[in-house]
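Report on the structure given below.
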Amino acid sequence: MAFMLLSQKKAGEAVSLLEREYNEARYYLDFSTPIDLAVAAILSAQTHDYTVNAITPGLFKKYRTAKDYANADPERLAAEARGVAFAGSKARNIVAACKIINEKFGGRVPDKMADLVELPGIGRKTANTILINAYGIVEGIPVDTWVIKLSGRIGLSGSGDPDGIERDLMKKVSRRYWKNFAYVLKEHGHRICHSQVPLCSKCLLNLICPRNGVVKSA
Ligand code: SF4
């Protein structure tokens, strides 16, 4: 079947239904401070949340500031983060990013998109995540794996790359929903819109969703 995009009106309806259904959806990585969050978010790429949340309490206890990470041995940090994907390169990025945070930003994780995306290991998705959850600054929508998968399926975006998906979503999703939209889609994916066989017959979007790319549903 041809790929279908939802009209602005239908997209608005779909987003409202999702937001109402999953109004308790929240960010899923544990943290207390902006530096905790930056480290957890870097570690989380291609890694389950529960793996990151199992590792970070030990890290947060040992490394409390950007300076602590900046002075860390990347190999030791990688060993302490064992279990996450690409622990070696993530540890190197954390140390390098924290050196910059320490030297250029006085030890404070920056609160500007342009500054965040210059840091090693931090792209626009992670920068949005930090801005929203550490500082309450909502500039965009973090585009993670679930957002990529479900935005196309539901017909909210026809783009194949994260930046294009974010641009489409920022037009289709009311700004007041940007903050939690990624977490709402993730919840919907976990509960109903499963990767392999989505439960379309039980889905609240059953009458709206074009089901782009769905081969088999239940
Ligand atoms: S479960 Fe089916 S109807 Fe619901 S959002 Fe996913 S693909 Fe669309």
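The values are calculated or read from the model by the stated rules, or taken from the named source; none is laboratory data. In this text the structure is predicted, and so the values were computed from the model without any measurement. Positions of Cβ are backbone-derived with ideal geometry, glycine not excepted, and every protein chain shown enters the neighbour counts. Areas reflect the complete protein model, heavy atoms only, side chains present, ligands, DNA and RNA absent. Shrake-Rupley method; radii C 1.70, N 1.55, O 1.52, S 1.80 Å.
Before moving on, here are some points about what is shown:
- Portion, in percent, of the accessible area of the range 34-135 that falls on carbon or sulfur, probe 1.4 Å: 50 percent
- Estimated purely from DSSP H runs of n ≥ 4, each contributing -39500 (n - 2.57), the mean residue ellipticity at 222 nm for the chain is -16500 deg cm²/dmol once divided by its residues.
- Length-normalised contact order for the chain - Cα pairs under 8 Å, 6+ apart - percent: 26 percent
- Principal-axis tilt of helix 178-191 within the chain, Cα atoms, nearest 10 degrees: 70 degrees
- Accessible area (Å², per residue) of the range 10-155, counting only protein heavy atoms and a probe of 1.4 Å: 46 Å²
- Portion, in percent, of the accessible area of the range 148-215 that falls on carbon or sulfur, probe 1.4 Å: 51 percent
- Computed from label points 7 Å out along Cα-Cβ, the spacing between Asn71 and Lys104 is 2.3 nm.
- Cα-based helix-to-principal-axis angle, 8-21 vs the chain, degrees rounded to 10: 60 degrees
- Highest-MSF residue in the chain out of Ile165, Ile55, Ile94 [GNM, Cα springs under 10 Å]: Ile55
- Taking all protein chains together and a 1.4 Å probe, the residues His188, His194 rank His194, His188 from largest to smallest accessible area.
- Cα centroid separation - the range 155-218 against the range 90-105, whole Å: 34 Å
- The value for the chain of Rg(Cα) / (2.2 N^0.38 Å) is 1.08.
- Ranking by accessible area, most exposed first, for Met1, Met170, Met113 with a 1.4 Å probe: Met1, Met170, Met113
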